[in-house]
Each structure stands twice: as C-alpha cells, then as structure tokens.
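Worksheet: the structure to be examined is printed underneath.
The values are calculated or read from the model by the stated rules, or taken from the named source; none is laboratory data. Here the structure is a predicted model, which is why all the values come from computation and not from measurement. With ideal geometry, Cβ positions are generated from the backbone for all residues, glycine too; neighbour counts draw on all protein chains shown. We work out accessible area using only protein heavy atoms, side chains counted, and drop any ligands, DNA or RNA first. Shrake-Rupley method; radii C 1.70, N 1.55, O 1.52, S 1.80 Å.
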Amino acid sequence: MTSSNSLDRRQFGLGLAGLAGLALSTPSWAQQAGAEKVVVAESQGFSWAIPYLTTSKNYWKNHGLEATTLQFTSGRLAFDAAIAGKAQFATSTDSVVGLAGANGVPAVIVAEFTRLSSGMVVAARTDRGIQTGAQLKGKRVATTIGTSGHYFLSRFLSLHGLTLKDITLVNLRGPDAVTAVAKGDIDAFAWGWDAGQKAIADSGGKVKVLDDTGLEKVFLSHYVLTANESLVQSKPQLVEAAVRSLLDAEKFYRAQTADAIALVAERTKATVETTKAGLNTVSVGVRLDSRLLDDLVLNAQWAVEAGLATQPKEDLRPLYRKLIYTDALKAAAPDRVTLS
C-alpha cells in the first residue's frame, strides 16, 4: 500500500451548535401510519453509544418505529444477522462493510455515528516477553477474523514493521479473547479499549495495553448503521426514520452527557468511570463524508491483500460510493452529508 493511502489525523466535533437546526420532527408518513416493527442487530461496547441510547430512550418511537434489538459480540455478527434476514438494521463497522462489499454482499451504510483511532487496543501478557508491538512477532494473537479488530491488528502491526504473517492469528470473539489472555491461553489480543481494561483487571497485572503512538496515521474506524439494499429500495421512509432516531440520541448525548454515559455504562455492564474514559477516545457524530468512503476503499484493499476477498471487477471507489445511502440523512440533516 503506497504512502498516498496513509491516513492523516483529523478532529471531528459537531457540537450542540450544529444540532440546533436539525429537522428532528416526526415525518408526516409516521404521523399518519401506525408504528412499524423493526429489528436492530447490535454489537457490544461503549463505541456503540448512540444506538444504545436510541434504544434506551426509545427514540425509535419518535419516528414511527417499534424496535426490538438482537445483541451480538461483534459488528460482523450483527451485520451477518441482518444479511440473513433476522434484522432490518445492524450496527457494524466500515471494516465489515468493506469486506462484504468486496464479496458482493448487498448491504449499505445509511449513517455513521462514531469514529475512532485510539478506541481499539492490543493487550499483551508482559510475562511472555511482550512490552512493545515489535515483540508480538511469533506470538499467538487473537481477534475476530473479518472484523474491525482484524483490520486494526494489521494496521497496528504495520507500525512495527510486521504483518499478520509474522504472528499466529487466533480467531476469538472479544469476550473470549479477554478470558484467554487472562488464563494464558494466548499471548495477546486486538479488540476494544474496554476489553483491554478488563483484561488488565482480570490478569492480576500480567497484561498491559501496548503503546500505539502513530496509530492515527494508519487507522481510523467508523461505526455505522447498515441496512439491506432491498430495504433501502423498498422502504426508504423506514431508513429515514431510523436515521432521525440516531440524531435524537446524539442530541441527548450532547445535552445530557452524564445521564447518557450512565445509560451506556448500564448497557455495557461497565463502570461509569470506565465508560466515560472510553468515550473520551472516540468522536461521536451522525454524518456521511468522504473520509468514510476513503476508509472503505482502504478496507477493501486490505481484504483483498489478506485473502479475505477477491479483487472486484469494478473500481473500488465507485463500488463503495454506491454502498453509502445518503438520501435519509440528507432529508433529516442535510449539513451532515458532505459526501458528493
């Protein structure tokens, strides 16, 4: 991958001022019709705060939706459930959508709600001689294959002159990786910041989070709401309602941050202090922009290079632009869409 594809750190903060003019009223179709039932497949962790708040406060109801949720341990599993027809919407990441798009899976991003560089970590056992990323060479390192954790691990290793071929990759869910590293069954894992903190606590001081200086130059993860392509085409009003619900949750997060953090902590079974610290590592904001498209292309290139997908026949940028549906967010908050 050439240096032209490296990622520059950018600051994202939409602020309360940007929320003041949002069109958050219930659309006329929802006022005229009864509530429509939808299922939302959700992943776990503080980075999914906005959809958690949407459900906790039932902002779905504001826009004519009666939503139930299915809970999964990763964005990939949530995404797979939606693709299998078990849910209309799924919370996932650009890494999952990038891999799916390269393999011709018909799903689209309808909104991004969080992005981060430092919200993912590599946690390693120091008693296995691991103090730096370079010392992961030859070690057993876990993540969930085909997820943002997998992509993150490859980018983290690149900072230290390594590739995935330099380690023994172990396919584990995030919670299982925490247990495995605490027991000593693996040497390290790549997953969310909160998983790293739990591993430190559970291991009796034998696990540390490795330094990630420079990570922002090569990695940015986008947390997104996805929908099946057929749903977007047949019921665009449902998609708009879901996006408006996310905007309501973001407004609550910014106006009543302490209450929002407490709700997220309750949902993730973490302390308020840990949740607050974790959310300080991410940028919250419902949006669709060119950076998302840039990183989808990078994810697809990685998936092909890692042997997880074959090279699509279509050029990657036009391919992934078609997998971002902007109409719903344009209708609700046009200033949040800067993707042409």
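Sorting check: for 233-242, 165-174, which peptide has the highest mean count of neighbouring beta carbons within 10 Å, and how do the rest follow? Numbers along the way, then the final one.
Working: 233-242: 19.0, 165-174: 16.7.
Ranked from most to least packed, the peptides come out as 233-242, 165-174.
Can you list residues from other chains, or at least 5 along the same chain, whose modelled amide H is less than 5 Å from the amide H of Y59?
Hits under the 5 Å cutoff: none.
How large is log10 of I(q)/I(0) for the stretch 89-235 at q = 0.10, 0.15 Å⁻¹ when the intensity is taken from the Debye formula with one equal scatterer per alpha-carbon?
-0.36, -0.74
Short version: ³J(HN,Hα) in whole Hz for each residue of the stretch 186-203, in order, from phi by Karplus 6.51 cos²θ - 1.76 cosθ + 1.60 (θ = phi - 60°), x for Gly and Pro, what are they?
10, 8, 6, 8, 10, 6, x, 4, 5, 5, x, 5, 5, 5, 4, 5, 7, 9
Of E66, E42, which has the most accessible area and how do the rest follow, probe 1.4 Å?
Working: E66 90, E42 5 Å².
Greatest to least solvent exposure: E66, E42.
Using a 1.4 angstrom probe on heavy atoms only, work out the carbon and sulfur share of the accessible area of the stretch 175-248 in %. Intermediate values should be presented prior to the final figure.
Values: 1210 of 2630 Å².
The computed percentage sits at 46.
For all pairs of alpha-carbon atoms in the stretch 200-321, what percent lies in each bin of width 5 Å, listed from the first bin to the last filled one?
The distribution over the stretch 200-321 is 2, 8, 11, 14, 17, 16, 15, 10, 5, 2, 0, given as percents.
Dividing the convex hull volume of the alpha carbon atoms of the stretch 205-252 by its residue count, what do you get in Å³ per residue? Intermediate results must be reported in sequence, preceding the final value.
Numbers: hull volume 8.5 nm³, N = 48.
Here the figure is 176 Å³ per residue.
Using only Cα atoms, locate the centre of the stretch 55-99 and the centre of the stretch 294-309, then give the distance between them in Å, rounded to an integer.
23 Å
Test of understanding: what is the full-extension gain from V272 to D335, defined as 0.36 nm times their sequence separation minus their Cα-Cα distance?
On the way: separation 63, 0.36 × 63 = 22.68 nm, distance 3.23 nm.
Net length gain for the segment: 19.5 nm.
Using label points projected 7 Å from each Cα along Cα→Cβ, tell me how many nm separate K86 and D185, to one decimal.
Once both label points are built, they end up 2.2 nm from each other.
In 20 Å bins starting at zero, report the fraction of Cα pairs in the chain per bin as a rounded %.
Over the chain, the share of Cα pairs per 20 Å bin runs 32, 58, 9, 0 percent.
³J(HN,Hα) across the stretch 328-340 via Karplus (A = 6.51, B = -1.76, C = 1.60, θ = phi - 60°), whole Hz, x for Gly/Pro?
Those phi angles translate into 5, 5, 4, 6, 8, 7, x, 5, 7, 10, 10, 8, 7 Hz.
Counting each DSSP H run of 4 or more residues in the chain as -39500 (n - 2.57), what helix-only mean residue ellipticity at 222 nm follows after dividing by all residues, to the nearest 500 deg cm²/dmol?
Working: 15 runs with 141 residues, N = 340.
Here the helix-only value at 222 nm equals -12000 deg cm²/dmol.
Shape verdict for the stretch 272-340, please, from the Cα gyration tensor: rounded (a/c under 1.5), prolate (a/b greater than b/c) or oblate. Intermediate values should be presented prior to the final figure.
Values: a/c = 3.45, a/b = 1.29, b/c = 2.67.
Since a/c reaches 1.5 but b/c is at least a/b, the shape of the stretch 272-340 is classed as oblate.
Using Cα-Cα distances under 8 Å and only pairs 6 or more residues apart, what relative contact order does the stretch 198-340 have, in percent? The partial results should precede the final answer.
Values: 73 pairs, mean separation 37.7, N = 143.
Across the stretch 198-340, relative contact order equals 26 percent.
For the stretch 90-129, what is Rg from Cα atoms divided by 2.2 N^0.38 Å, rounded to two decimals?
Numbers: Rg = 15.3 Å, N = 40, 2.2 N^0.38 = 8.9 Å.
Taking N as the residue count of the stretch 90-129, the ratio is 1.72.
Just want to confirm a number: the relative contact order over the chain, from Cα pairs under 8 angstrom separated by 6+ residues, in percent.
About 27 percent, as a whole number.
How many Å² of accessible area per residue for the chain, probe 1.4 Å?
On the way: 13780 Å² over 340 residues.
The answer is 41 Å² per residue.
Considering only DSSP states other than H, G, I, E and B, which trypsin sites (Lys or Arg not before Pro) in the stretch 57-130 qualify as loop sites with at most 15 other Cβ atoms within 10 Å? Let's see the in-between values first.
Details: sites: K57, K61, R76, K86, R115, R125, R128; in loops: K57, K86.
The qualifying sites are K86.
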